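The values are calculated or read from the model by the stated rules, or taken from the named source; none is laboratory data. Model, not experiment: these values are computed from the prediction. Note that each Cβ is placed from the backbone with ideal geometry, even for glycine, and that neighbours are counted across all protein chains shown.
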Amino acid sequence: MTPYVQGGAEILVDDLRIQLKENGHMAHLYRIPFPDNYEAALMNTIAATRMLRLDGYDRVIAFKFPAYCVEHPNKVMWMFHQFRQVYELDGTEYGLPQSGVAKRIKEVVHAVDNADIPKSRHVYTNAQEVSNRLMKYNSIPSEVLPPPLKNAEHYYCDSTGDYIFYPSRINSLKRQHLMVQAMKHTKSGVKLVIAGQCPEAGYMREMRAFVAENGIEDKVTIMDEWISDERKVELLSKSLAAAYIPYKEDSCGFVTMEAQYASKPVITCIDSGGTVEFVRQGVDGCFVAPDPKDLAAAIDRLYEDKQMAQRMGELGRQSIEEKNITWENTIRRLLA
Amino acid sequence: MKIMVCAVRPDFSPPREWELAEYITAYYQKIGLEADLFALPANNDILDMPEQVAAFRMMEIGSTADIFIAVGCPAFFIQHPNKHVFLFQLLPELFEYWNTPYGVPATYQYTKIKDMVNVAVGRQLHSVKSLFCGSNLLKEDIRKRFGAKAEVFRREQEKPEESIKREKNRAIAMQTWFMPEDRIELAVDAFAHITGRLEMTLFVPDAHPLDCRATQTRIEKAGLCERVRMESRTIAEGDWQTISTLLSIPYETRSVDRSVKDALQRGMPVVTTQDSGAVLEYVRAQNSVAVKPEACEIADGILHAAQLKELKKPWRGGTLEKERAINSVLEGLVK
């Protein structure tokens with residue numbers, strides 16, 4: 001886990017620990033620190049992880065690299081994502097810089113994944129996208145086990161408001177900047193509310209500068225902080241729709257699920273990855289090219305036909321309830 | 001300022017390191033600093049110690065933390081230029097329990113491991129920015145074995161509103177995590193020497209089911225089923241109303257169970273043994289009884305404690321030696 005970062009994966013894992021305890025199991029959560037200077041530290045981190053002793057446990061559930069390198073006869077993988085920088089992000093602006101060291105890191109991570117992942121008793125992933133990548137890059141078959149949403153029953157629809165809500169960790173991969181840029185092009189009275197922690201100070205500065213330079217302060221609210229679940233539920237309940245437009249995200253994202261449980265349509269992008277598993281074009285959300293003008297058009301359409309937005313939200317709610325993603329089913333699979 | 005805290009969580013062991021790590025993290029978050037907490041797995045098998053030491057030594061936490069706080073062993077093997085260490089004990093199986101029923105035997109294999117660990121631990125303790133121990137006994141151990149300097153810290157304890165009025169027909173209590181050195185068998189054997197209606201409650205939080213079963217069998221064989229019961233939890237506030245004396249007889253411990261201080265603060269005597277290590281840092285003649293580690297002596301001690309008069313001045317914290325309150329320590333680390 002990345003130090004000082006509390007994202008969807010961290011919330012899910014902690015929720016799993018609580019759910020396991022509530023189901024009568026003793027569960028401990030361990031976090032293997034993933035250092036920021038990983039070019040130098042990667043080999044040590046992998047070796048150290050492999051040497052950790054977990055003999056006293058009947059089952060070990062691993063989620064991310066390098067934690068899934070631990071050795072245990074009853075290890076189960078519930079993969080959220082691999083070290084993406086050496087897989088699908090390789091060669092893009094989000095990948096490792098092209099260098100000899102990066103090439104070596106790529107070789108090592110591929111070799112470790114090919115060796116350690118198949119040692120698992122079961123290999124689950126949290127999304128079809130992750131399973132597809134695991135097969136494409138490592139020829140490892142897996143089964144999709146979508147993560148249940150924490151406190152799904154808390155989400156509700158209060159009203160169809162006048163703002164798009166984007167509650168997520170704020171960083172370049174989540175692409176909140178595209179939504180902000182889209183607000184420059186919107187013609188309706190729609191607003192945008194972004195909320196989440198932002199570990200990239202430069203990214204936040206650029207977004208705020210864009211807002212100021214284009215005079216859209218009255219349209220855009222950026223809450224650069226971790227908001228409580230209660231606050232998030234409240235803001236979502238009164239929104240027009242939710243936005244979730246990451247770049248090639250593995251899973252549909254908790255934002256998508258939260259929006260659907262709150263009966264809100266979801267605005268996403270055609271290259272956002274796992275959201276395609278939950279959102280249907282024109283039915284309970286919209287897929288848009290990752291372009292500010294296209295996003296602005298989609299946002300305006302929803303604002304101008306709030307009845308349509310409301311119907312889409314209701315269909316999204318119905319869809320996610322039919323999927324029956326519960327902790328009971330999930331734990332049964334993880335402990336099989 | 002960014003602070004990273006790390007502790008280990010050996011299964012079925014007292015969670016004191018983890019609880020302290022949580023406390024430290026919460027303290028810094030409360031005063032507005034960015035603090036993150038990691039738990040790492042470790043087991044108590046000495047044969048695995050070299051590998052675990054190597055694993056922790058190689059674990060990288062990156063450059064984002066300004067301060068790194070390690071609680072317990074082997075967490076303090078993680079490298080960081082600004083490392084502060086808190087210890088409640090230091091591999092007792094290799095030191096104070098060496099070649100006893102509570103530690104490892106002095107075989108060739110274990111002797112080699114001990115030699116390796118001695119060198120590795122010594123290097124680490126000399127490289128840390130500051131070192132804090134949970135007892136004066138541990139501080140002295142570290143000074144004598146490794147020549148390293150440490151300070152003693154004291155956890156804050158909530159002061160009870162008033163002393164509990166002791167009554168003769170209340171029970172004896174003992175809190176244990178079923179560690180071998182807690183000597184629960186000795187406690188049961190001692191209680192078997194006491195006739196009459198006195199009862200004993202064993203508080204056994206987070207205990208392994210097999211340990212519970214073994215102890216229950218021992219209680220049954222001693223014919224004590226009617227008078228000794230087990231509760232799978234820690235002593236709660238309401239329990240103190242039903243307790244007259246606390247029994248704490250660990251072998252050469254360097255870490256005092258919280259229940260000892262809780263009992264003394266409530267004006268309740270503690271029965272311990274003359275080889276109970278750091279527990280003796282808290283006992284005084286007027287508030288406790290320290291006897292030889294034999295069943296009949298402990299039984300006499302329990303009966304003697306029942307006769308002790310009401311403590312006029314319950315223990316209000318501190319030992320004979322100088323200690324620093326934990327909050328003062330934590331404040332000092334970030335100045």
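Can you confirm whether segment B:228-240 contains a residue that is part of a strand (DSSP E or B), crowded, with 20+ Cβ neighbours inside 10 Å, free of Cβ contacts under 8 Å to residues at least 60 places away in the same chain and of a type outside the set (A, V, I, L, M)? Within segment B:228-240, not a single residue is part of a strand (DSSP E or B), crowded, with 20+ Cβ neighbours inside 10 Å, free of Cβ contacts under 8 Å to residues at least 60 places away in the same chain and of a type outside the set (A, V, I, L, M).
Yes or no, residue by residue, for (1) within 30 Å of A:I194 (Cβ to Cβ); (2) assigned by TED's automatic domain parsing to the domain that holds A:P246:
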{"site": "A:Q82", "(1), (2)": "yes, no"}
{"site": "A:E88", "(1), (2)": "yes, no"}
{"site": "A:G91", "(1), (2)": "yes, no"}
{"site": "A:P118", "(1), (2)": "no, no"}
{"site": "A:Y124", "(1), (2)": "no, no"}
{"site": "A:Y163", "(1), (2)": "yes, yes"}
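Matching residues to (1) closer than 19 Å to A:E153 by Cβ; (2) not in a loop (DSSP other than H, G, I, E, B):
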residue	(1), (2)
A:D218	no, no
A:Y247	no, no
A:M257	yes, yes
A:Q260	yes, yes
A:C286	no, yes
A:A309	no, yes
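Of the residues making up segment A:35-55, those that are facing chain B (nearest Cβ under 7 Å) and surrounded by fewer than 17 Cβ atoms within 10 Å (Cβ to Cβ) number 4.
Condition check ((1) in contact with a helix residue (DSSP H, G or I) (Cβ under 8 Å, 6 or more places away or on another chain); (2) crowded, with 22+ Cβ neighbours inside 10 Å) across all residues:
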{"position": "B:T195", "(1), (2)": "no, no"}
{"position": "B:D206", "(1), (2)": "no, no"}
{"position": "B:T217", "(1), (2)": "no, no"}
{"position": "B:K221", "(1), (2)": "no, no"}
{"position": "B:C225", "(1), (2)": "yes, no"}
{"position": "B:L246", "(1), (2)": "yes, yes"}
{"position": "B:V256", "(1), (2)": "yes, yes"}
{"position": "B:S259", "(1), (2)": "no, yes"}
{"position": "B:D275", "(1), (2)": "no, no"}
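Among the residues of segment B:1-29, those identified as touching a residue at least 40 places away in the same chain (Cβ under 8 Å), β-branched (V, I, T) and within 12 Å of another protein chain (Cβ to nearest Cβ) are B:I3, B:V5, B:V8.
Filter segment A:13-34 down to residues that are away from every other protein chain (no Cβ under 13 Å) and under 20 Å from the mean Cα position of the chain (by Cα) and give me whichever is surrounded by the most Cβ atoms within 10 Å (Cβ to Cβ). Taking the candidates together, the pick is A:L16.
Looking at segment B:78-125 only, could you name the residues that are in contact with a Lys or Arg (Cβ under 6 Å, 6 or more places away or on another chain) and more than 20 Å from B:L40 (Cα to Cα)? Once the filter is applied, which keeps residues that are in contact with a Lys or Arg (Cβ under 6 Å, 6 or more places away or on another chain) and more than 20 Å from B:L40 (Cα to Cα), segment B:78-125 yields only B:L94.
Cβ-Cβ contacts under 6 Å between residues 6 or more apart (or on different chains), taken from a first residue in segment B:30-58 that is more than 18 Å from A:Y57 (Cα to Cα) and facing another protein chain (nearest Cβ under 8 Å) to a second residue that is at pLDDT 90 or above and crowded, with 22+ Cβ neighbours inside 10 Å, are listed as B:D36/B:M4; B:F38/B:C6; B:A55/A:A48; B:A55/A:L52; B:F56/B:P74; B:F56/B:I78; B:M58/A:A48. Just wondering, is there one or more residues in segment A:102-116 that are outside any strand (DSSP E or B) and in contact with a Pro (Cβ under 8 Å, 6 or more places away or on another chain)? Looking for residues that are outside any strand (DSSP E or B) and in contact with a Pro (Cβ under 8 Å, 6 or more places away or on another chain), one finds at least one in segment A:102-116, hence yes. Within segment B:62-80, the set of residues being away from chain A (no Cβ under 11 Å), in a loop (DSSP other than H, G, I, E, B) and farther than 19 Å from A:Y4 by Cα comprises B:G72, B:C73. Scan segment A:75-95 and tell me whether some residue there is within 9 Å of chain B (Cβ to nearest Cβ) and not in a helix (DSSP H, G or I). Checked segment A:75-95: no residue is within 9 Å of chain B (Cβ to nearest Cβ) and not in a helix (DSSP H, G or I).
So if I check each of A:Y57, A:Y38, which one is within 26 Å of the chain's Cα centre (by Cα) and assigned by TED's automatic domain parsing to the domain that holds A:P97? Only one candidate passes the filter, namely A:Y38. In segment A:41-58 there is no residue that is under 17 Å from B:F38 (Cα atoms), among the small types (G, A, S) and in contact with a strand residue (DSSP E or B) (Cβ under 8 Å, 6 or more places away or on another chain).
Looking at segment A:4-12, is at least one residue within 14 Å of another protein chain (Cβ to nearest Cβ), in a helix (DSSP H, G or I) and among the small types (G, A, S)? Checking segment A:4-12: not a single residue is within 14 Å of another protein chain (Cβ to nearest Cβ), in a helix (DSSP H, G or I) and among the small types (G, A, S).
In the set (1) within 24 Å of B:D257 (Cβ to Cβ); (2) in contact with a helix residue (DSSP H, G or I) (Cβ under 6 Å, 6 or more places away or on another chain); (3) not in a helix (DSSP H, G or I), the condition left unmet by B:L137 is number (3).
Screening A:Y38, A:Y30, A:Y57 for residues that are at pLDDT below 90 and aromatic (F, W, Y) leaves exactly one candidate, A:Y38. Of everything listed in (1) on the phi < 0 side of the Ramachandran plot; (2) out of contact with any strand residue (DSSP E or B) (no Cβ under 9 Å at 6 or more places or on another chain); (3) polar (S, T, N, Q), the single unmet condition for A:N324 is (1).
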